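J.: Take a look at the following structure, please.
Values in this text are rule-based calculations from the coordinates and carry no lab data. Keep in mind that what you see is a predicted model, and the values were worked out from it rather than measured. Here Cβ is always computed from backbone atoms with ideal geometry, including for glycine, and neighbour counts include all displayed protein chains.
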Number of protein chains: 2
Amino acid sequence: MGTSSEVPDIVVGRLPIYLRALTVLEAQGQEIASSHELGQRLGISSAQIRKDLSHFGEFGKQGTGYNVDYLRRQLQRILKVESELEVALIGAGDLGHALAHYDGLNKRGFRITAIFDSDPAKQGEKPCACVIQDTANMAQILREKGYKIAVIAVPAEAAQEVADTCVEAGVKVLLNYAPITLSVPAEIQVQQIDPVVHLQRMTYYL
Amino acid sequence: MGTSSEVPDIVVGRLPIYLRALTVLEAQGQEIASSHELGQRLGISSAQIRKDLSHFGEFGKQGTGYNVDYLRRQLQRILKVESELEVALIGAGDLGHALAHYDGLNKRGFRITAIFDSDPAKQGEKPCACVIQDTANMAQILREKGYKIAVIAVPAEAAQEVADTCVEAGVKVLLNYAPITLSVPAEIQVQQIDPVVHLQRMTYYL
DNA sequence: TAGATTGTTAATCGATTAACAATC
DNA sequence: TAGATTGTTAATCGATTAACAATC
């Protein structure tokens, strides 16, 4: 064991997949799952699942497997998603609206509580529980309310500037839907969602 | 060298990122780029970029670097995105509509030419160039028109069944927005987009 | 107890990096 | 030529897997 910074990124990246599978199993009323069963569902070897989990502790019982509810809670704790997290959404175009309406975020602990758009025509609209505000006020609001998580759903041309503002305002986690690679300080977490990139890595095999 | 099946998945996965960066550079009028410059922009080592490209051929010139336009075209060829590819979209909820409206797909070679939804109220609607059809007719249409690529934007409960139908109808590439791990034959390519999974792998570091 | 499955070790496998000859 | 950068090799580094003692 040791400090959490020793856990490989790639291991951390699989935990949400495990968590999701456990949530599904629990909804189905299953109380126990073995690493073998989990692995089969996810297309991952059972050894890898056990190895991954061993970075964080001992969660199973020999001869039995893992208690689904217990392991789910442990993963939520490890991933720091036990309580609800507030998310700022920047960009209220089609995608921004779709995200604002999407209850899957809410149900899984991410609450969009601020939305920004630079288009005055959209400001004042209320696509979900919160009203669309002017991007000009974003930096101040992010800092005052202490937002740590932001979702960027603006056009590619605006994304880097939005990211810079977020970082400057104290945001630590960025989910970027704009199709460009953002340049941010090393301590800032960025994940990219670009459907074209995902499609292109598959068309290679056609 | 050898057959393309020898190229590691992880290398193929980076090519779309390179392609995207080259497209940006070209739009900015830059004609030449070195592996070092590309790497700096992407947060990847120059050695890795050269190694990755070396799986497919020799595209650069010593002492100079890579011709941006030439390398971009080569990557498009390797990734099989030289010509437009037809995409079927299943699910016309908020996300489906957002995808149908998104011109970034079109501009980068993926044309949505069929949309399906099981809700009769939505059928007949025309969110983009094509009309929403009944999911009941999906299998037949996918097979007749020879769709190889489908985007799944239905609720989690319906996703596995939709995937099964797609695979049965000859689809080879699936982009899945539903928050479940799909079970498909090994030869089928699947990529998953789940914002919650992306967020959770970052909240670990908060 | 017998059967099953964990957590962990050691071996294997694969990916990344550093370094450099080739060459533009 | 001098400077720069590629493509490639070999070394390093890290991740996955197989195997098994521990134990429920």
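J.: Using the beta-carbon distance between A:ILE141 and A:GLN30 and R0 = 41 Å, what value does 1/(1 + (r/R0)^6) give for FRET efficiency, to the nearest 0.05?
T.: Efficiency at R0 = 41 Å is approximately 0.45.
J.: All other residues with a Cβ under 13 Å from the Cβ of A:PHE116 taken together, and with Lys, Arg as +1 and Asp, Glu as -1, what is their net charge? Walk me through the intermediate numbers first.
T.: Working: positive: A:LYS122, A:LYS145; negative: A:ASP117, A:ASP119, A:GLU125, A:ASP134, A:GLU161.
Here the count lands on -3.
J.: Suppose every Lys and Arg Cβ carries +1 and every Asp and Glu Cβ carries -1, with no other charges. What dipole size does the stretch B:9-78 come out with about its Cα centre, to the nearest 20 debye?
T.: Once rounded to the nearest 20, the dipole reads 80 debye.
J.: So which helices of chain B fit the span-like rule, where a helix is a whole DSSP H run, its Cα atoms reach 20 Å or more along the axis, and its mean Kyte-Doolittle is at least 1.0?
T.: Correct list, ordered by number: B:9-27.
J.: Let me ask something else about it. About its Cα centre, what dipole magnitude does the stretch B:85-199 give when the only charges are +1 on Lys and Arg Cβ and -1 on Asp and Glu Cβ, stated in debye to the nearest 20?
T.: With Lys and Arg at +1 and Asp and Glu at -1, about 500 debye.
J.: When a/c reaches 1.5 or more, the comparison of a/b and b/c decides; with that in mind, is the protein assembly as shown rounded, prolate or oblate per its Cα gyration tensor?
T.: Because its axes are fairly even, with a/c under 1.5, the protein assembly as shown counts as rounded.
J.: Placing +1 at every Lys and Arg Cβ and -1 at every Asp and Glu Cβ, with all other atoms neutral, what dipole size does chain A have around its Cα centre, in debye to the nearest 20?
T.: That gives chain A a dipole magnitude of about 740 debye.
J.: Please compute the average number of Cβ atoms from other chains found within 10 Å of each residue's Cβ in peptide A:183-195.
T.: Partner-chain Cβ atoms within 10 Å, mean over residues of A:183-195: 4.
J.: Return the Cα extents of chain A along principal axes one, two and three, sorted largest first, each rounded to a whole Å.
T.: 62, 40, 35
J.: To continue, here is another question. Among A:HIS55, B:HIS198, which comes first, then next, by fewest other beta-carbon atoms within 10 Å? Please list the in-between numbers first.
T.: Working: A:HIS55 16, B:HIS198 21.
The order, fewest Cβ neighbours first, is A:HIS55, B:HIS198.
J.: Ok, one more. Can you tell me which of A:155-164, A:118-127 comes out highest on packing, and rank the rest after it, using the mean Cβ neighbours within 10 Å?
T.: With the highest mean Cβ count within 10 Å placed first, the list reads A:155-164, A:118-127.
J.: Moving on to the next point. I'd like the antiparallel share, as a percent to the nearest 5, of DSSP beta bridges with both residues in chain A.
T.: The antiparallel proportion sits near 15 percent.
J.: For chain B, with a Gaussian network of springs between Cα atoms less than 10 Å apart, report the residue from B:ILE132, B:ILE115, B:ILE188 with the top mean-square fluctuation.
T.: Ranking B:ILE132, B:ILE115, B:ILE188 by mean-square fluctuation puts B:ILE188 first.
J.: Please tell me the relative contact order of chain A in percent, rounded to the nearest whole number, where contacts are Cα pairs under 8 Å and at least six residues apart.
T.: 13
J.: Something else: With a ≥ b ≥ c taken as the square roots of the eigenvalues of the C-alpha gyration tensor of the stretch B:1-85, please select rounded if a/c is under 1.5 and otherwise prolate if a/b is larger than b/c or oblate if it is not?
T.: oblate
J.: Express as a percent, rounded to the nearest 5, the fraction of DSSP beta bridges in the protein assembly as shown (both residues included) that run antiparallel.
T.: Once the DSSP bridges in the protein assembly as shown are tallied, antiparallel ones form about 15 percent.
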